[in-house]
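In what follows, a single structure is set out as structure tokens and then discussed.
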Amino acid sequence: MKRVRAEVLNARRVGAYHSITIVAPDVAERVRPGQFLSIGMPGERAFLLRRQFSIHQASRRGGWAGTLEFIVDPRGAGTSWLAEVKAHQFLDVIGPLGTAFAYPRKLNACLLIAEGHGAAPIYFLGQELRTRGKRVDMILGAETQDHVFKPIEGKRLSQTISIVTDDGSLGDQGDVLDVLPSVLERTGAQVVYAAARRPTLRAIADACLERQIPAQMAVEERMACGTGMCFTCTVPVIRKDGSGFDHLRACVDGPVFNPARILWDRWMGDEPRVSATPPEGFPVVRTWPG
Amino acid sequence: MAGLIVAKQTVAVDLGGIRLPHPVVAASGCVGTGRDIPSLVDVHRLGGVVTKSLTFAPNRGGPTPRAAESASGLITATGLQNPGVESFVAEDLPRLVKANVPLFASVTGTTVEEYIRVAGALHRQPGIVALEVYLSAPDDERGGEPFYARPERIAEVVGGVSRLSTIPVFVKLPPLLPDLVEVARQCIRLGAQGLTLIDAAPGLAVDADRLRSELAAPVGGLSGPAIKPIALAAVYRVANVLPRVPIMGVGGIRTGEDAVEFLLAGAWAVQVGTAILVDPAAPVEIARGIVAYLREKGIASPADLRGRLRVREAAPEAPA
């Protein structure tokens with residue numbers, strides 16, 4: 001990871017979101033879809049923690065070389081401050097952070113699922129999969145039309161795309177889970193990637209496990225530091241040999257995880273259906289086929 | 001390593017026989033366990049490091065959410081996640097030792113016996129200069145209340161660890177004890193050689209929109225600038241009564257000036273926690289800020305600032 005004082009090249013509204021492009025060649029060189037940036041907040045405010053954002057685009061060549069774009073969903077103090085940032089301001093940026101999505105080697109049909117601002121890293125992933133000759137289909141879910149992120153971009157990247165909004169203002173009315181079974185069937189998806197709200201991710205994880213489809217998910221968990229120091233952003237993950245589970249940091253061992261190894265009950269705060277570590281160990285789940 | 005020497009100032013400090021190259025130490029739990037401290041934190045330029053609090057066996061900690069931002073602060077409850085003493089010694093300690101920085105090992109447990117076992121496993125490790133006793137862990141033998149809630153349990157832990165340890169023992173005390181000064185005195189009588197003031201204050205964050213607590217715990221520790229005045233008051237009150245006991249002041253330090261405030265109040269050195277999470281370069285910047293202040297005021301060293309806070313004449317100690 002590197003820390004840079006990055007100049008804002010461009011800041012603009014995109015629907016309900018704000019897109020910020022910064023100049024950061026050292027970071028842009030290395031970044032891969034799924035990874036994120038940690039942005040410092042202004043010094044004299046009551047909100048002091050760094051805020052984390054998945055990377056949406058990284059330009060490594062051409063006129064915009066060395067730039068990174070990330071998307072801000074202005075819902076709280078820090079994101080609202082960022083939504084006001086202008087070109088030529090400087091941001092305190094640490095990145096790239098976290099693990100990236102893995103590309104499949106042999107499998108070809110990739111289903112990419114995003115809710116809201118989850119589309120930002122998912123599009124980045126989609127581009128890289130297309131460059132590698134993979135088939136990409138998408139499901140995009142959001143509250144309302146303004147919250148569907150760059151739908152034209154989504155259409156451009158995908159063979160087929162299903163857009164669903166809670167109020168039906170764009171695409172069909174409903175949510176991701178309403179269309180998931182039919183899309184899985186229709187596209188013959190062999191690999192699933194998702195970035196969505198936790199309950200949605202959990203349901204997608206169940207559907208993939210049921211159908212034995214390998215999946216990867218970019219999770220969101222509150223991060224007090226983003227750089228691995230504070231241990232507040234942990235996810236309960238079953239060990240590869242099933243001998244127990246650990247609390248892994250989403251900023252170091254994630255944010256991309258194999259959902260088949262996440263202990264969803266524990267992570268969602270439900271009464272765990274399985275005891276801490278069952279005497280026979282956890283079922284060993286198929287890891288990423290690569 | 002050599003202390004920072006700038007013109008006529010030196011910023012090395014002596015904490016009752018423990019020499020720190022400068023008075024800014026990384027607080028427990030804010031630079032991870034040691035095996036993967038991000039390179040952005042220049043560990044070998046720190047004045048010292050306090051390790052994550054260690055239990056005897058590995059502890060995976062509590063459920064998330066473990067953190068909530070609060071006005072000028074942070075509330076956390078990680079629930080003692082740590083690799084356990086054996087794994088720490090094998091994986092984390094070598095990397096910390098390589099950084100050649102004074103190490104304080106934070107000792108904790110959920111029984112008195114565990115505190116003593118952890119201390120036993122650490123006090124002879126090369127590179128560790130002192131132990132720091134963390135008392136906010138739940139006491140299994142007293143219904144899960146924190147150890148600091150009962151003076152007799154503090155006594156058992158501090159006495160047990162101090163009797164066993166061949167290296168100095170610092171005790172980290174929470175801020176809101178009704179008789180903080182007396183507890184501090186008692187710790188020294190039991191054999192502790194220093195104090196860390198303060199641990200985080202109990203804090204609750206509420207999500208009114210969803211009618212629930214923000215943290216799983218639900219009560220966590222409040223740290224950061226919000227608690228600085230509380231920490232300063234604790235340092236001031238204890239230092240006045242125990243002027244010869246090394247005190248590391250901690251609570252909301254972000255700048256060199258903040259650190260100087262603690263030294264004036266009576267601290268011998270300071271720790272920085274939340275500020276590192278926000279800015280990995282903070283400890284070195286704070287040390288530089290102390291140097292700049294000393295130079296500007298024409299003061300030779302941090303020890304010359306210690307306890308020099310001027311207060312109005314004849315003010316009796318304020319009631320707790």
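Out of B:217, A:4, B:16, whose Cα points farthest toward the positive end of the dipole of the protein assembly as shown (charges: +1 Lys, Arg; -1 Asp, Glu; placed on Cβ)?
A:4
Evaluate 2.2 N^0.38 Å with N set to the residue count of region A:211-290, then give the Cα radius of gyration divided by it.
For region A:211-290, the normalised Cα radius of gyration is 1.11.
How about region A:145-201: which trypsin sites (Lys or Arg not before Pro) there are in a DSSP loop, with at most 16 other Cβ atoms within 10 Å of their Cβ?
Taking region A:145-201 and a limit of 16 other Cβ atoms within 10 Å, the loop trypsin sites (Lys or Arg not before Pro) found are A:197.
Using a Förster radius of 51 Å, what is the FRET efficiency between residue B:145 and residue A:144 based on their Cβ-Cβ separation? Nearest 0.05, please.
E between residue B:145 and residue A:144, to the nearest 0.05, is 0.60.
For the modelled label position 7 Å from the Cα of residue A:203 along Cα-to-Cβ, which residues of region A:176-192 have backbone nitrogen atoms closer than 17 Å?
Residues A:176-185 fall inside that zone.
Contour minus end-to-end for residue A:182 and residue A:105, with contour as 0.36 nm per residue of separation and end-to-end as the Cα-Cα distance?
In short, 25.2 nm is gained.
Find the percent of Cα-Cα distances in region B:189-228 that exceed 16 Å, and round it to a whole number.
Summing the P(r) of region B:189-228 above 16 Å gives 54 percent of all pairs.
Average projected area of the Cα convex hull of region B:42-98, in nm²?
Its average projected convex-hull area is 5.2 nm².
Based on Cα positions only, what radius of gyration and what Dmax would you give for chain B, in angstroms?
18.5, 58
Per the helix-only calculation at 222 nm, which mean residue ellipticity applies to chain A, given -39500 (n - 2.57) for every DSSP H run of n ≥ 4 and division by its residues, nearest 500 deg cm²/dmol?
-6500 deg cm²/dmol
Give the average over all directions of the projected area of the C-alpha convex hull of region A:144-290, one decimal, in nm².
10.5 nm²
In µm²/s, what is D for region A:1-83 at 25 °C and 0.890 mPa s, where D = kT/(6 pi eta Rh) by Stokes-Einstein and Rh is the Kirkwood radius from Cα pairs?
Using the Kirkwood radius from Cα pairs, D works out to 186 µm²/s.
May I ask which of A:86/A:134; B:228/B:297; B:98/B:297; A:2/A:86 have a Cα-Cα span longer than 26 Å here?
Too far apart for the 26 Å limit: A:86/A:134; B:98/B:297.
What's the center-to-center distance, using Cα atoms, between region B:176-204 and region A:259-285 in Å?
40 Å
When the dipole is taken about the Cα centre of region A:10-66, and only Lys, Arg (+1) and Asp, Glu (-1) are charged at their Cβ, what size is it in debye, to the nearest 20?
Using only the charged Cβ atoms, the result is roughly 160 debye.
Would you calculate the separation in nanometres between label points at residue B:240 and residue B:19, each defined as 7 Å from the Cα along the Cα-to-beta-carbon direction?
3.5 nm
Between region B:69-140 and region A:121-159, how many Å separate their Cα centres?
Between the Cα centres of region B:69-140 and region A:121-159 lies a distance of 46 Å.
How much of the calculated P(r) for region B:152-303 lies past 28 Å, in percent of all Cα pairs?
Of the Cα pairs, 28 percent sit more than 28 Å apart.
What is the Cα radius of gyration of region B:122-238 over 2.2 N^0.38 Å, N being its residue count?
Taking N as the residue count of region B:122-238, the ratio is 1.19.
For the residue pair residue A:61 and residue B:125, what label-to-label distance in nm results when each label sits 7 Å from Cα along the Cα-to-beta-carbon direction?
Label at residue A:61, label at residue B:125, 4.9 nm between them.
Looking at region A:190-290, which GluC sites (Glu not before Pro) are DSSP coil and have at most 16 other C-beta atoms within 10 Å of their C-beta?
Qualifying residues, ordered by number: A:280.
Along Cα→Cβ, 7 Å out, is where each label goes; now give me the distance between the ones at residue B:97 and residue A:275 in nm to one decimal.
3.9 nm
What span do the alpha-carbon atoms of region B:1-90 cover on each of the three principal axes, reported in whole Å from largest to smallest?
Ordered largest first, region B:1-90 gives principal extents of 51, 38, 28 Å.
For chain A, what D do you get in µm² per second when you plug the Kirkwood radius from alpha-carbon pairs into Stokes-Einstein at 25 °C and 0.890 mPa s?
The calculation lands on 126 µm²/s.
Quick check of the Kirkwood formula: for region B:239-320, what is the inverse mean of 1/r over all pairs of different Cα atoms, in Å?
Result for region B:239-320 stands at 13.5 Å.
Rounded to whole Å and ordered largest first, report the semi-axes of the equivalent ellipsoid of region A:179-247 derived from its Cα gyration tensor (root of 5λ).
27, 16, 9
Rg/Rh for the protein assembly as shown to two decimals, with Rh computed the Kirkwood way over all alpha-carbon pairs.
Rounded to two decimals, Rg over Rh is 1.00.
Keeping all protein chains in position, work out how much accessible area residue B:232 exposes to a 1.4 Å probe, and write it in Å² to the nearest 10.
Accessible area of residue B:232: about 40 Å².
Taking one equal scatterer on every alpha-carbon of region B:50-135, how large is log10 of I(q)/I(0) by Debye at q = 0.11, 0.14, 0.24 1/Å?
Log10 of I(q)/I(0), two decimals: -0.33, -0.52, -1.13.
Find the Cα radius of gyration of region A:2-149, compare it with 2.2 N^0.38 Å by division, and give the number to two decimals.
1.05
Report, in cubic angstrom per residue, the convex hull volume of the C-alpha atoms of region B:100-187.
86 Å³
Just subtract the alpha-carbon distance of residue B:304 and residue B:44 from 0.36 nm times their residue separation and send over the number in nm, one decimal.
91.1 nm
Looking at region B:23-86, which trypsin sites (Lys or Arg not before Pro) are in a loop (DSSP not H, G, I, E or B) and have at most 14 other Cβ atoms within 10 Å?
Sites meeting the loop and neighbour criteria: none at all.
So what are the three principal axis dimensions of region B:27-179 from its Cα atoms, in whole Å, longest to shortest?
41, 40, 28
The values are calculated or read from the model by the stated rules, or taken from the named source; none is laboratory data. Computed from a predicted structure; not experimentally measured. Glycine also receives a Cβ, built like all others from the backbone with ideal geometry; neighbour counts cover every protein chain displayed. Surface accessibility is based on the protein's heavy atoms, side chains included, excluding ligands, DNA and RNA. Shrake-Rupley method; radii C 1.70, N 1.55, O 1.52, S 1.80 Å.
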